[in-house]
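Novice: This is the structure, below, for whatever I ask next.
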């Protein structure tokens, strides 16, 4: 090595990396912020199951009004009405072809219009069509009650008006309820299939019986509505049960939600 050469400097040592910070124990982690309550408008109000059970009771009440008070005609239960129409067509005493035919035609008109309304306002919502249907039903029942208050129960104009209004309301309701598609409550005017499911899927029928409570409640609701309607018709003016139906539908129209 010459005198002008200098020994090479030793390479710099890399600074030691800082040790990673120890993770916080699970118990000391910052708590997550509480989530805000649901603001989904579909969830606000009374759930669909109790609403539909109440409407099933109203169906029993309405059929009590029309069958006992307007000459043996159903405006909610079209299965029974078709049978009654057959009795009337055969000339059985106490039955009327014009009355039952009016009920059937108006029910079909209500169902057709209900189908159109649901397709217009029901996209992505169950609450909106339910409220529209209930508000319309409340109005039709209120008009029926007013007609019954203002005229004789046995006047032909009164009979046909109440039959037409209530049958139209029930058709509109059935179209809407069908679209809502709530299990075991896809209709609020007949319980034949409900009873069939109740028996065939019960433990006695080899099933589990898991869906029995809702089905039993539906049958009980219609029975209770029919009893109440019969008592009111037999001891009061026809307007009283019709007014009760109108008030119930109006309250539900303001409070129903879109959730089961």
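Novice: Looking at (1) closer than 16 Å to residue 58 by Cα; (2) crowded, with 18+ Cβ neighbours inside 10 Å, which is the only condition residue 139 fails?
Specialist: (2)
Novice: Do you know which residues across segment 146-176 are in contact with a helix residue (DSSP H, G or I) (Cβ under 7 Å, 6 or more places away or on another chain), in a helix (DSSP H, G or I) and without any contact (Cβ under 8 Å) to a residue 12 or more places away in the chain?
Specialist: 158
Novice: Tell me, please, whether a residue that is within 27 Å of residue 247 (Cα to Cα), in contact with a strand residue (DSSP E or B) (Cβ under 8 Å, 6 or more places away or on another chain), surrounded by 10 or more Cβ atoms within 10 Å (Cβ to Cβ) and at pLDDT 75 or above can be found in segment 64-74. Spell out the reasoning first.
Specialist: Start the filter on segment 64-74 by keeping residues that are within 27 Å of residue 247 (Cα to Cα), which leaves 64-74.
If we keep only those that are in contact with a strand residue (DSSP E or B) (Cβ under 8 Å, 6 or more places away or on another chain) too, we end up with none.
There is no residue in segment 64-74 that is within 27 Å of residue 247 (Cα to Cα), in contact with a strand residue (DSSP E or B) (Cβ under 8 Å, 6 or more places away or on another chain), surrounded by 10 or more Cβ atoms within 10 Å (Cβ to Cβ) and at pLDDT 75 or above.
Novice: Please count how many residues of segment 164-214 are surrounded by 14 or more Cβ atoms within 10 Å (Cβ to Cβ) and under 30 Å from residue 71 (Cα atoms).
Specialist: 24
The values are calculated or read from the model by the stated rules, or taken from the named source; none is laboratory data. Values in this document were obtained by computation on a predicted structure and should not be read as measured data. Note that we place each Cβ from the backbone using ideal geometry, even for glycine, and neighbour counts take in every protein chain shown.
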